[in-house]
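Structure first, then comments.
No lab work stands behind these numbers, since they all come straight from the coordinates. Since the model is a prediction, treat every value here as computed from it, not as a measurement. Note that each Cβ is placed from the backbone with ideal geometry, even for glycine, and that neighbours are counted across all protein chains shown.
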Amino acid sequence: MAYKDGQETKRLIANVCLELMRHTPPESINVSDIAQAADISRQTFYYHFHSVYDILPWLISTELKDMAKDGVDMKRLNPMDTMIRLGNALRNNKDTVTAFLPAYRHRMHLDLSEYMERRMHQYLSVVLGNMIDRTSIATIARFHSAGYTGMVELWMENGMDDSLFEMANRIRNTYPELLSAELYSRIKQLQTLEG
């Protein structure tokens, strides 16, 4: 079976996997099941995905890329809005996320953490520029992304019904200086005092 491009083939594989998940738990679905149902070879599957568990991150990533096409500069998107967009992408795939979560928890944690850290690092680099050094930006990005990742994971485990906008506002109200230039200016002053 021939397809126009890799994205179309990936979409086919993902759709077949989702269809199989309607009747079979994700941990019981294997590459042969997907390949047979999609009328592709196992080699074609492995060309596009390393494992069945790579399908969910691809779906979420595709959803986020589609959301970014609305003209928003993702590098300038603040972490609260990033968390809300990520949550919307997860919610749009709620059945899949819920089905994958038990068997996929550790991998999902790593994927979410890496995504949030990358977005946080991009945002801090744009907002702070040369106010603080790159190592400090990386450390701050890692620290804050861990918190955001934890919030999103808790939200997923609780059924994804709470409003992410309200959750973001609770974070913003609890820690109003989060990612403010004033906070990082103080960090820079502390670095100067230490040196």
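Points worth noting:
- Basic side chains Lys and Arg get +1 at the Cβ, acidic Asp and Glu get -1 at the Cβ, and with that the dipole of region 1-49 about its Cα centre reaches some 80 debye.
- In Hz, Karplus ³J(HN,Hα) per residue of region 135-147 (6.51, -1.76, 1.60; θ = phi - 60°; x = Gly, Pro): 5, 5, 4, 4, 5, 5, 4, 5, 4, 5, 5, 4, x
- Amide H partners (placed H, <5 Å) of PHE49, local residues excluded: none
- HN-Hα J in Hz across region 152-160 - Karplus 6.51, -1.76, 1.60, θ = phi - 60°, x for Gly and Pro: 5, 5, 4, 4, 5, 5, 8, x, 6
- J(HN,Hα) series, region 116-126, from Karplus relation 6.51 cos²θ - 1.76 cosθ + 1.60, nearest Hz, glycine and proline x: 5, 5, 4, 5, 4, 5, 4, 4, 5, 4, 6
- Shape category assigned to region 1-49 from the gyration tensor of Cα positions, a/c cut at 1.5: prolate
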